[in-house]
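Here is the structure we will look at.
Bear in mind these aren't lab numbers, they're just calculated from the coordinates by the rules spelled out. Owing to the predicted nature of the structure, the values given are computational and were not obtained by experimental measurement. We place every Cβ from the backbone using ideal geometry, glycine too, and count neighbours over all the protein chains shown.
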Amino acid sequence: MLQYPEPANKLIDQLSLLPGIGRKTAQRLAFHILKSDDVYIRNLSDAINNIKKNILFCDKCGIMSVENICHICKDIDRADDIICVVEQPQDIYAFEKTNSFKGEYHVIGGVLSPLDGVGPDDLNLEKLYKRVKVGMEIIIATNPSIEGDTTSLYLAKMLEKLGAKVTRLARGLPVGGDLEYMDELTLARAIEGRTEI
Ligand code: ZN
């Protein structure tokens, strides 16, 4: 059987490790790169090299940042008595696009999933607990999935013990959907219609 030359295989192997990229798409991308001009290829490889070198995760909330503390946490015009808890840094960008949330965020880095061996110790929860003050509102904005719901119930229990008022995004978001890809209006309505747990 005719094989691709080794350098092509190497790139296809690496690309197919990316989330959502199957072998076929990886092949298509590899051939696209092969046909691209040198400037594009240099820019692409520079961007890949630099993302790890130059991006940090905010010490306080966990969003991507070029400094230890991100611009959202530094912004004195934002309410510091309301925190929106999200699974991944990307979710923050989705909420910011709605322009309807002016509090702070906290990225927990995933959801509880006993089947995958993910327990509370594997999530960024200790830093969250330290941020909670009595009377503060914590909006739990995990994805509308079974694991997201399990995580939100667990968090609600823990955060209530610390004296927080815990709310959850309004029901009605498509189950199994990803907040990151939801449209701004749907997300804005989900924040506005949030309910106490
Ligand atoms: Zn931050």
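Numbers at a glance
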quantity	calculated
Ranking of D80, D91, D178 by count of other Cβ atoms within 10 Å, fewest first	D80, D178, D91
Partners for K165 among lysines (Cα-Cα distance below 23 Å; same-chain residues under 8 apart left out)	K60, K102, K127, K130, K133, K157
Within the chain: Cβ-based charge dipole about Cα centre, in debye rounded to nearest 20 (Lys, Arg +1; Asp, Glu -1)	100 debye
Sorted by Cβ density within 10 Å, fewest first, the residues E196, E180, E87	E196, E180, E87
Bridge type composition, the chain - antiparallel percent by DSSP, nearest 5	30 percent
Difference of contour (0.36 nm per residue) and Cα-Cα distance, T195 to D13	61.0 nm
Cα-based shape type of the chain, given that a ≥ b ≥ c are square roots of the gyration tensor eigenvalues and the cut on a/c is 1.5	prolate
Shape of region 97-164, Cα gyration tensor, a/c cut at 1.5	oblate
Neighbour-count order for Y40, Y105, fewest beta carbons within 10 angstrom listed first	Y40, Y105
Euclidean distance between Cα centres, region 83-97 to region 142-197, Å	11 Å
Sequence-separation-based contact order of region 20-91, relative, with Cα cut under 8 Å and 6+ spacing, percent	15 percent
The chain, relative contact order [Cα under 8 Å, separation at least 6], %	15 percent
Angle in degrees between helix 146-161 and the longest Cα principal axis of the chain, rounded to the nearest 10	40 degrees
